[in-house]
Amino acid sequence: MFVRGAEAGELLVAGKYGLGALTWSPLNSGWLTGRFRRGEPVELTSFRKAVAWKFDLSLPGNQRKLDAVEQLRAVAEEAGVSLTHLALAFAASHRAVTSVILGPGTAGHLDDQLAAADVRIDDHILDRIDEIVPPGTNLNPPYTDYTPPALADAGQRRRAACLTESGPSRAVLPDGDSRPGKPSLPTSLDAMKGRGPVPRGCPE
């Protein structure tokens, strides 16, 4: 519920073409269990210490999450379910989502989370959630757990051309085609240093 950016991209495409999608961290690292509340200290486990900024309640993004948690607790009470069950049922309610990846810390957490499989939330409750975190938006934009290598490494997104002293030159690409290369300097250097595909004929 806190990270809904996928609704504007990946889930939109999946729904359009009948593809299935798995969502992960539906409880937002414990935020959507109601565990973290304003005025109460956060217990820093080994995991939380590794990403301590995500649990620093003084940060503006986390302040927004604290406010949203209180509003969502009221919505969960209105729906007659726990906040945990509301969050899991919400994640599974999107038509493109085929399954929700859980991350219980104990056997008790697992039993509780599995019970959410039978929870259904109606349109009125979904509309209330939309008022708190609008569809297609991320409540805390800097909150990113994982950047796929295909997005982080330019060499995996495009084929680089050779870089000569006079600038990019025409390269013979692995599929036998050739084209004038016009990549940015860092992309070309990354490819030549082994961080991306090097077209045939480029200096290794």
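The values are calculated or read from the model by the stated rules, or taken from the named source; none is laboratory data. Just so you know, these numbers come straight off a predicted model, no measurement behind them. Every residue, glycine as well, gets a Cβ built from its backbone with ideal geometry; the counts of neighbours run over all protein chains shown. Quick note on the areas: whole protein, heavy atoms, side chains included, nothing else; ligands and nucleic acids left out. Shrake-Rupley method; radii C 1.70, N 1.55, O 1.52, S 1.80 Å.
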message: Being open to solvent by 50 Å² or more (accessible area, probe 1.4 Å), closer than 23 Å to Gly136 by Cα and in contact (Cβ under 8 Å) with a residue 40 or more places away in the chain is the requirement here; does Leu83 meet it?
response: no
task: Mind listing just one residue for me: the one in the stretch 121-142 that is open to solvent by less than 30 Å² (accessible area, probe 1.4 Å) and not in a loop (DSSP other than H, G, I, E, B) and, of those, farthest from Val69 (Cα to Cα)?
output: Ile125
task: Provide a single number: the residues in the stretch 88-119 that are within 19 Å of Phe47 (Cβ to Cβ), polar (S, T, N, Q) and not in a helix (DSSP H, G or I).
output: 1
query: Does Gln63 fit the bill of being surrounded by 19 or more Cβ atoms within 10 Å (Cβ to Cβ), more than 18 Å from Gly5 (Cα to Cα), within 22 Å of the chain's Cα centre (by Cα) and at pLDDT 90 or above?
result: no
- prompt: Right, Arg37: part of a loop (DSSP other than H, G, I, E, B), modelled with pLDDT under 90 and within 22 Å of Ile121 (Cα to Cα) or not?
  reply: no
query: Since Leu110 meets every condition but one in (1) modelled with pLDDT under 90; (2) open to solvent by 60 Å² or more (accessible area, probe 1.4 Å); (3) in contact with a Pro (Cβ under 7 Å, 6 or more places away or on another chain), which condition does it not meet?
result: (1)
- line: Of the residues in the stretch 8-34 that are open to solvent by 40 Å² or more (accessible area, probe 1.4 Å) and assigned to a helix (DSSP H, G or I), the one that is farthest from Leu126 (Cα to Cα) is Tyr17
query: Taking the stretch 95-141 as the region of interest, how many residues are aliphatic (A, V, I, L, M) and free of Cβ contacts under 8 Å to residues at least 40 places away in the same chain?
result: 8
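Condition check ((1) more than 26 Å from Glu10 (Cα to Cα); (2) at pLDDT 95 or above; (3) open to solvent by less than 30 Å² (accessible area, probe 1.4 Å)) across all residues:
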position	(1), (2), (3)
Ala50	yes, no, no
Glu77	yes, yes, no
Thr98	no, no, no
Val119	no, no, yes
